[in-house]
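One structure is given here, and the rest of the page talks about it.
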Amino acid sequence: MARSPEGGRRGRDRDDRDNEFSDKLVHINRVAKVVKGGKRFGFAALVIVGDQKGRVGFGHGKAREVPEAIRKATESAKRGLVRVPLRDGRTLHHDSVGRHGAGRVVVRSAPPGTGIIAGGAMRAVFEMLGVHDVVAKSLGSTNPYNVVRATIDALKDQENPRTIAARRGLKVSDIVARRSDASTASEAPAEA
């Protein structure tokens with residue numbers, strides 16, 4: 001049976017799109033259902049997917065076998081990607097706070113060479129996003145589902161100076177200058 005060139009091309013495009021994303025398994029939960037003949041086990045997987053260039057998403061999948069749960073979670077994550085603007089392709093533009101349920105996270109931009117200072121589920125989100133320098137703290141719930149959702153919530157608040165300048169009717173240089181003035185002003189009292 002001969003395949004049309006268009007059909008083959010579409011299949012390759014889909015494979016290329018899948019190859020540009022990397023995924024990281026964050027958590028697997030095993031649940032047992034007690035039935036007449038014993039226990040039936042099921043698995044739930046939490047997966048983070050990103051292109052390491054500013055897009056990230058998370059997914060949750062459940063199945064009787066671990067590989068199937070991971071596959072479902074990965075597909076779910078690719079459907080819900082979020083684009084996050086990065087400063088110099090390495091850190092966030094500004095600090096932000098995210099919440100979900102009892103989980104709360106604080107994420108802060110950091111100077112070059114800082115690395116990813118975050119734990120567990122938050123670290124996976126930043127690695128898949130492509131952030132190299134960030135300081136983050138998880139407060140409240142340590143449940144990985146809540147931490148990941150709170151981290152994504154904090155990242156959704158990120159805006160780059162260009163969009164803020166357009167909204168306020170200012171130049172980008174005015175906003176970036178204010179950011180650097182504010183950071184030097186906050187450091188000045190500490191030196192005195």
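Tabulated results
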read-out	value
Residue in the range 97-108 that is under 14 Å from Asn160 (Cα atoms) and more than 12 Å from the chain's Cα centre (by Cα) present	no
Residue in the range 117-138 that is touching a helix residue (DSSP H, G or I) at 6+ places or on another chain (Cβ under 6 Å) and open to solvent by 40 Å² or more (accessible area, probe 1.4 Å) present	yes
Filter pass, Ser183 being at pLDDT below 80, out of contact with any Gly (no Cβ under 6 Å at 6 or more places or on another chain) and either open to solvent by less than 80 Å² (accessible area, probe 1.4 Å) or farther than 21 Å from Pro111 by Cβ (or both)	yes
Single unsatisfied condition, Gly169 versus (1) at positive phi; (2) open to solvent by 30 Å² or more (accessible area, probe 1.4 Å); (3) at pLDDT 90 or above	(3)
So Lys78, is it in contact with a Phe, Trp or Tyr (Cβ under 7 Å, 6 or more places away or on another chain), within 26 Å of Arg30 (Cα to Cα) and of a type in the set (D, E, K, R)	yes
Single unsatisfied condition, Glu68 versus (1) of a type outside the set (S, T, N, Q); (2) touching a His at 6+ places or on another chain (Cβ under 6 Å); (3) at pLDDT 90 or above	(2)
Residue pairs meeting the criteria (Cβ under 6 Å; at least 6 apart or on separate chains; first crowded, with 17+ Cβ neighbours inside 10 Å, in the range 77-89; second assigned to a strand (DSSP E or B) and modelled with pLDDT under 90)	none
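The values are calculated or read from the model by the stated rules, or taken from the named source; none is laboratory data. In this text the structure is predicted, and so the values were computed from the model without any measurement. When we count neighbours, we look across all protein chains shown, and the Cβ atoms used for this are built from the backbone with ideal geometry, even at glycine. Only protein heavy atoms, including side chains, enter the accessible area calculation; ligands, DNA and RNA are left aside. Shrake-Rupley method; radii C 1.70, N 1.55, O 1.52, S 1.80 Å.
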